[in-house]
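A short worksheet on the structure shown next.
The values are calculated or read from the model by the stated rules, or taken from the named source; none is laboratory data. Predicted model only: the values in this text are computed from it and were never measured. With ideal geometry, Cβ positions are generated from the backbone for all residues, glycine too; neighbour counts draw on all protein chains shown.
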Amino acid sequence: MQGREGALERLQGFCQVIEESVEIANKDLERLILARELMNRVANKCRSNSKLPELVNLFLSRPLVTVPLGAKVLKVTPKGVDLMLVQLGVPCRES
């Protein structure tokens with residue numbers, strides 16, 4: 001009997017961990033959706049040839065985006081990325 005009770009406790013513990021993980025993932029997803037909506041509001045006001053929407057997509061597709069990486073992927077200068085970040089409301093980095 002003790003083996004079955006132990007298995008039930010382990011299964012309940014496992015289910016609790018899964019439930020907590022899902023809650024954390026949902027909160028992260030909600031933050032990403034909100035960030036995308038806010039950045040897209042700014043990007044939608046730009047010219048049709050602007051790289052700003054691409055920068056927004058880059059931010060949302062990777063866990064870490066640096067200015068040099070953004071410049072390389074978007075084929076713009078680092079200063080261009082800095083200017084786009086200012087448009088999005090991100091403080092400019094120190095040169």
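Residue-level check: of (1) in a helix (DSSP H, G or I); (2) at pLDDT 95 or above; (3) not acidic (D, E), V76 misses just (1).
Scanning the range 42-70 for residues that are closer than 18 Å to P91 by Cα, free of Cβ contacts under 8 Å to residues at least 12 places away in the same chain and assigned to a helix (DSSP H, G or I) returns P68, L69.
In the range 1-46, how many are of a type outside the set (F, W, Y) and over 24 Å from the mean Cα position of the chain (by Cα)?
Going through the range 1-46, the residues of a type outside the set (F, W, Y) turn out to be 1-13, 15-46.
Imposing the further condition that a residue be over 24 Å from the mean Cα position of the chain (by Cα) reduces the set to 1-13, 15-16.
Of the residues in that region, 15 qualify.
Kindly evaluate S21 against the criterion of being exposed (fewer than 14 other Cβ atoms within 10 Å of the Cβ) and not in a helix (DSSP H, G or I). For S21, the condition - exposed (fewer than 14 other Cβ atoms within 10 Å of the Cβ) and not in a helix (DSSP H, G or I) - is not met.
Scanning the range 68-80 for residues that are of a type in the set (A, V, I, L, M), farther than 12 Å from V56 by Cβ and buried (at least 16 other Cβ atoms within 10 Å of the Cβ) returns A71, V73, V76. Restricting to the range 1-53, name every residue that is of a type in the set (A, V, I, L, M), more than 29 Å from L83 (Cβ to Cβ) and modelled with pLDDT under 90. Matches in the range 1-53: M1, A7, L8. Entry remark, the range 44-57: residues being under 25 Å from L29 (Cα atoms) and in contact with a helix residue (DSSP H, G or I) (Cβ under 6 Å, 6 or more places away or on another chain) number 6 in total.
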